[in-house]
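Everything below concerns the one structure shown next.
Bear in mind these aren't lab numbers, they're just calculated from the coordinates by the rules spelled out. Since the structure is predicted, the reported quantities are computational estimates derived from the model, not experimental observations. Every residue, glycine among them, receives a Cβ derived from its backbone with ideal geometry; neighbour counts consider all protein chains shown.
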Amino acid sequence: MDRSNLKKTVHKIINDQPVTDLHTHCYTPAFGSSPEPDGLLLWGIDELVTYHYLVAEVFRVVPATKLPYETFWQMTKQQQADHIWKHLFVENTPISEGCRGVITTLHKLGLDPNEKSLKNYRKWFSQQTADKYIDKVMEIANVDSITMTNPVFDDVEREKWLANPSIGDDPRFEAVLRIDPMLRNWPSAVNTMRQLGYEVNEDFSGNTINETRRFLGEWIDRQKAIYVAMSLPPEFQFPNPSNPAADRFIRDILMPLCADLGLPWAMMIGSRMQVNPSLKDAGDMVGKSDVLSVVHLCQEFPNNKFMVTLLSRENQHELCVAARKFGNLFLFGCWWFLNNPSIIEEMTRQRFELLGTSFVPQHSDARILDQLVYKWDHSRKIIANVLVEKYNDLIDVDYKVTPKMIKRDAALLLRDNFRNFVAR
């Protein structure tokens, strides 16, 4: 390939390659959508502007000494959005990644991002329907499949599944069984399973192991889940002598079940919850995790598949090296506080250098449907730029880089690596 055309070719191929987004918090319209009560599909300008990234940021501009947290939370969603828009987008330059994301989304939707109020945006969004808007967003972001996150211990969502067995039957979406309390709060998980009719005990006595497996298996079947997921604190350890219930759940229940079904266990490790509870969803922080615990899992359960993303930048090099040692360890995405261009670029370059193309460089983690637009627009540019650099390194030593090769790499990175890993 002619070096002069390399950058243009790579960017076009990366932009043209459909993405299978392996982790989001978006939902099918059957779950209800904002502003419906208990609607789980969030979309539109007010949801986009009041996302917790921007809630935390606006309290840096207008601190709680001027606008108390309680006053902010008593506002309506529209009042909160107007407050954030005024202070982060009108009276200040929207240069942070969270703010830039909103601007990019509006631009890609064909709207003027320079409006001084949200009035015109609200009018435009009011003319959309949730179902057709999903198609619009997927087309703009070039996403071919959206992977939901479905927490079975969330009472509202669980009741939606039980009331409507076909709620997840939308070909644009795949489900994931989310089971955080089984490691974060085993007694609470036991209590919920008991209320649902399963004979389980905190001390694992009686038929607890078989009944818990039955509970998980039935929900995997109900959701048609493609993997099992947990978000875990930075203190997560395996093995953990101080938490025998967690070790026993992993060894006797989760790992045998996942092995039997061929399902990966996705671990998102490093979220330190509610360091500032007054911020609600915006009050979480990051902590360094124990990569050796991931290694121990890969060692002890070679027939299981592990999808892992860690929240701390300081963990990334050690995790990459661990992935070189275990074929059942699959790295994905730049999660949450890592979803910033400078860090995405660093992590993507590091992963290419240590793992070749055998990982997934990004997932959107979108909680608001509209975020698919900006997260993939921004990430594609970074992934393409790093690939150009790596291809140039090969061209420097007379290796022939071809468009066919670039298309193969793009498909692996943005779709096929994940699909192949979760295939049963």
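From the phi angles alone, apply the Karplus equation (6.51, -1.76, 1.60; θ = phi - 60°) to the range 80-96 and give each ³J(HN,Hα) in whole Hz, x where the residue is Gly or Pro.
With the stated coefficients, the range 80-96 comes to 4, 4, 4, 4, 5, 4, 4, 8, 9, 10, 9, 8, 9, 6, x, 8, 5 Hz.
Relative contact order for the range 335-421: what is it in percent, counting Cα pairs under 8 Å that are at least 6 residues apart? Write down the numbers at each step before the final one.
Values: 45 pairs, mean separation 34.0, N = 87.
Computed over the range 335-421, the figure is 39 percent.
Check which residues have an amide H placed less than 5 Å from Ala229's amide H, if you skip close sequence neighbours.
Amide H neighbours of Ala229, under 5 Å, 5+ apart: Leu177, Arg178, Ile179, Ala266.
When you take every Cα atom in the range 206-248, what is the radius of gyration, and what is Dmax, the widest Cα pair distance, in Å?
Answer for the range 206-248, Rg first and Dmax second: 13.2, 34 Å.
Could you check the spin-label model distance between Ser96 and Arg424? Points 7 Å from the Cα along Cα→Cβ, value in nm.
Here the answer is 4.3 nm between the modelled labels.
Which residues does the label zone of Arg122 cover in the range 30-61, counting backbone N under 18 Å from a point 7 Å along Cα→Cβ?
Flagged as within label range: 34-37, 43-51.
Near Lys8, which lysines are there with a Cα under 23 Å away, not counting those fewer than 8 places off in the same chain?
Lys108, Lys375, Lys381, Lys390, Lys400, Lys404, Lys407
Over its Cα atoms, what ratio of radius of gyration to 2.2 N^0.38 Å does the range 379-424 give?
Working: Rg = 12.6 Å, N = 46, 2.2 N^0.38 = 9.4 Å.
For the range 379-424, the normalised Cα radius of gyration is 1.33.
Between Asp135 and Lys407, with labels modelled 7 Å along Cα→Cβ, what's the label distance in nm to one decimal, could you check?
Between Asp135 and Lys407, the simple spin-label model gives 2.7 nm.
Per residue of the range 7-12, what does 6.51 cos²θ - 1.76 cosθ + 1.60 with θ = phi - 60° give for ³J(HN,Hα)? Whole Hz please, x for Gly and Pro, Karplus curve as stated.
4, 4, 5, 5, 4, 5
May I ask for the equivalent-ellipsoid semi-axes of the range 117-212, computed as the square root of five times each C-alpha gyration tensor eigenvalue and listed largest first in whole Å? Can you show the working numbers first?
Values: eigenvalues 296, 44, 31 Å².
Working from the Cα gyration tensor, I get semi-axes of 38, 15, 13 Å.
Just check the range 87-142 against the gyration tensor rule for me: Cα atoms, a ≥ b ≥ c as the square roots of the eigenvalues, rounded for a/c under 1.5, and otherwise prolate or oblate depending on whether a/b exceeds b/c. Can you show the working numbers first?
On the way: a/c = 2.84, a/b = 1.53, b/c = 1.86.
Oblate, since a/c reaches 1.5 and b/c is not below a/b.
How far, in nm, would the chain grow between Asn240 and Lys224 when pulled straight, counting 0.36 nm per residue and subtracting the alpha carbon separation?
Numbers: separation 16, 0.36 × 16 = 5.76 nm, distance 3.12 nm.
Taking 0.36 nm per residue and subtracting the Cα distance, the gain is 2.6 nm.
Would you list, by chain and number, the lysines whose Cα falls below 19 Å from the Cα of Lys77, excluding same-chain residues fewer than 8 positions away?
Straight-line reach from Lys77, under 19 Å: Lys86, Lys116, Lys119, Lys123, Lys280.
Residues with amide H under 5 Å of Thr147's amide H, sequence separation 5 or more or different chain, H placed in the peptide plane at 1.01 Å from N; which?
Excluding prolines and chain starts, which carry no amide H, the hits are Asp21, His23, Thr24, Glu174.
Rounded to whole Hz and in sequence order, give me ³J(HN,Hα) for the range 108-121 from the Karplus expression 6.51 cos²θ - 1.76 cosθ + 1.60, θ = phi - 60°, writing x for Gly and Pro.
Those phi angles translate into 5, 7, x, 9, 6, x, 9, 4, 8, 9, 8, 4, 5, 5 Hz.
Expressed in nm to one decimal, what extension gain is obtained for the pair Asn164 and Asn185 from 0.36 nm per residue of sequence separation less their Cα-Cα distance? Don't skip to the end; give the middle numbers.
Working: separation 21, 0.36 × 21 = 7.56 nm, distance 2.78 nm.
Separation in residues times 0.36 nm, less the Cα-Cα distance, equals 4.8 nm.
Hey, can you grab everything whose amide H is under 5 Å from the amide H of Asp370? Only 5+ residues off in sequence or another chain; H modelled, so Pro and N-termini drop out.
Gly44
Restricting to the chain, compute how many DSSP beta bridges are antiparallel as a %, nearest 5. Display every interim value, and only then the final one.
Details: 2 of 27 bridges.
Rounded to the nearest five, the antiparallel share is 5 percent.
Assuming a ≥ b ≥ c are the square roots of the Cα gyration tensor eigenvalues, decide whether the range 247-366 counts as rounded (a/c under 1.5), prolate (otherwise, with a/b larger than b/c) or oblate. Before the final figure, lay out each step's value.
On the way: a/c = 2.01, a/b = 1.21, b/c = 1.66.
Oblate, since a/c reaches 1.5 and b/c is not below a/b.
Computed FRET efficiency, Cβ-Cβ of Leu111 and Thr71, R0 45 Å: what is it to the nearest 0.05?
Numbers: r = 30 Å, r/R0 = 0.67.
For Leu111 and Thr71, the calculated efficiency is 0.90.
Under a cut-off of 20 Å between alpha-carbon atoms, report the aspartates and glutamates in cross-link reach of Lys7, not counting same-chain residues fewer than 8 places apart.
Partners found: Asp16, Glu345, Glu346, Glu353, Asp377, Glu389, Asp393, Asp396, Asp398, Asp409.
Would you please calculate the Kirkwood hydrodynamic radius of the chain over all C-alpha pairs and express it in Å, rounded to one decimal?
On the way: mean 1/r = 0.0438 Å⁻¹.
Here the Kirkwood hydrodynamic radius works out to 22.8 Å.
What span do the alpha-carbon atoms of the range 1-148 cover on each of the three principal axes, reported in whole Å from largest to smallest?
Over the range 1-148, Cα extents along the principal axes are 59, 39, 27 Å.
For the range 204-282, I need the span (max minus min coordinate) of the C-alpha atoms along each principal axis, in Å, sorted largest to smallest.
40, 32, 20
Can you bin the range 301-424 into rounded, prolate or oblate? Criterion: square roots of the alpha carbon gyration tensor eigenvalues sorted a ≥ b ≥ c, rounded for a/c under 1.5, prolate for a/b above b/c, oblate for the rest. Provide the component values of the computation, followed by the final result.
Values: a/c = 1.43, a/b = 1.14, b/c = 1.25.
Taking the square roots of the gyration eigenvalues as a ≥ b ≥ c, the range 301-424 is rounded.
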